[in-house]
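Okay, so here's the structure we're looking at.
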Amino acid sequence: MNQSVNKALKLLDLFREGSHELSLKDIADQARIPKPTAYRLLTVLEQNGFLHKSKESEQEARYRLGLKLLELGNLVSDRLEVRGIALPYMEELAKEINEVIHLVIINQDEATYIEKVESSRALRLYTKVGKSVPLYIGSGPKLLLAFQTKERQEEIINQSKLVAIHRPIEKERLRVELQQIQAQGYAYSIAEQDEDTTGISYPIYNHQQQVIAALAVSGLTSHFEGDDLEHIKVETKITALDISRRLGYR
């Protein structure tokens, strides 16, 4: 299976050499593989959107890169862009509310922290840039999961036992919470990744109105009460919207 995947990826590389379209014969010759093998690999790539076949006849078929690659390229571009754009806003937010600020994205079946701004308080959370956690633990990850399709949510929820800080998570309760997060537009969590800490997160949108990241604020639970909580919510929401607008969101 790994050899087949490797061969298929090498076929995609052939289109990097200046040819917008290649015939089955061109691809088989350049890859130095039999035409039946090339056709089988090309069919898989076509079915998954990585290639587009311009003619239906196997003998006359010509292939060009599909839109799936553009979609994936845009996702990578968004992730690189959002980090650079978000950082100065995160720094201003940290000055305003003096709590730890994270930027979180989906990375396959997990949530990954791609940026962090510390507060001036003595508290230090055990998060670092590059850390990945399950999508059902913490305000940032759960917000990202809430804005996935129902099918994608079920894939995550129906994994083996869901646990947060050594306690099980009720799957039906999680489903209800995800609906609530999407309806209210933000996520809230208490002691899911660290004891005695609270997190609140708002979505960051791109120019296609898609949620591509979560702006997450974390700190001691005692700081997230009454007027302090309302102030954190307002400032975090405004900052998330400012970042989204910089990314083309309207």
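The values are calculated or read from the model by the stated rules, or taken from the named source; none is laboratory data. Computed from a predicted model, the values in this text were never measured in an experiment. With ideal geometry, Cβ positions are generated from the backbone for all residues, glycine too; neighbour counts draw on all protein chains shown. Side chains included, ligands, DNA and RNA excluded: accessible areas come from the protein's heavy atoms. Shrake-Rupley method; radii C 1.70, N 1.55, O 1.52, S 1.80 Å.
Brief remarks follow.
- When the stretch 89-103 is filtered for residues that are over 19 Å from D228 (Cβ atoms) and open to solvent by 10 Å² or more (accessible area, probe 1.4 Å), the ones remaining, listed by number, are Y89, E91.
Yes/no matrix, rows are residues, columns are (1) touching a residue at least 40 places away in the same chain (Cβ under 8 Å); (2) β-branched (V, I, T); (3) open to solvent by less than 80 Å² (accessible area, probe 1.4 Å); (4) closer than 17 Å to K142 by Cβ:
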site	(1), (2), (3), (4)
L174	no, no, yes, yes
Q180	no, no, no, yes
A187	yes, no, yes, yes
Q193	yes, no, yes, yes
P203	yes, no, yes, yes
I212	yes, yes, yes, yes
R246	yes, no, no, no
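- Within the stretch 129-144, residues that are more than 13 Å from A213 (Cβ to Cβ) sit with their Cβ atoms under 6 Å from residues that are in a loop (DSSP other than H, G, I, E, B) and open to solvent by less than 10 Å² (accessible area, probe 1.4 Å), at 6+ positions apart or across chains, in these pairs: Y136/L162.
- Scanning the stretch 25-40 for residues that are buried (at least 16 other Cβ atoms within 10 Å of the Cβ) and more than 13 Å from A61 (Cβ to Cβ) turns up Q30, A31, I33.
- Residue, farthest from the chain's Cα centre (by Cα), within the stretch 142-172, restricted to residues that are aliphatic (A, V, I, L, M) and exposed (fewer than 13 other Cβ atoms within 10 Å of the Cβ): I165
- Scanning the stretch 181-220 for residues that are among the polar types (S, T, N, Q) and either in contact with a strand residue (DSSP E or B) (Cβ under 8 Å, 6 or more places away or on another chain) or assigned to a helix (DSSP H, G or I) (or both) turns up Q182, Q184, S189, Q193, T197, T198, S201, N206, S218.
- Taking the listed residues T221, T236, T198, the one that is more than 18 Å from the chain's Cα centre (by Cα), at negative phi, modelled with pLDDT under 95 and surrounded by 22 or more Cβ atoms within 10 Å (Cβ to Cβ) is T198, with no other qualifying.
- Qualifying residue in the stretch 3-10 (condition: open to solvent by 60 Å² or more (accessible area, probe 1.4 Å), of a type in the set (V, I, T), at pLDDT below 85 and assigned to a helix (DSSP H, G or I)): yes
- Residue satisfying all of: in the stretch 106-141; buried (at least 21 other Cβ atoms within 10 Å of the Cβ) and either among the basic types (K, R) or touching a helix residue (DSSP H, G or I) at 6+ places or on another chain (Cβ under 9 Å) (or both); farthest from I156 (Cα to Cα) among these: K116
- Single residue of the stretch 50-67 satisfying the filter (modelled with pLDDT of 65 or more and exposed (fewer than 15 other Cβ atoms within 10 Å of the Cβ)) that is farthest from A28 (Cα to Cα): L67
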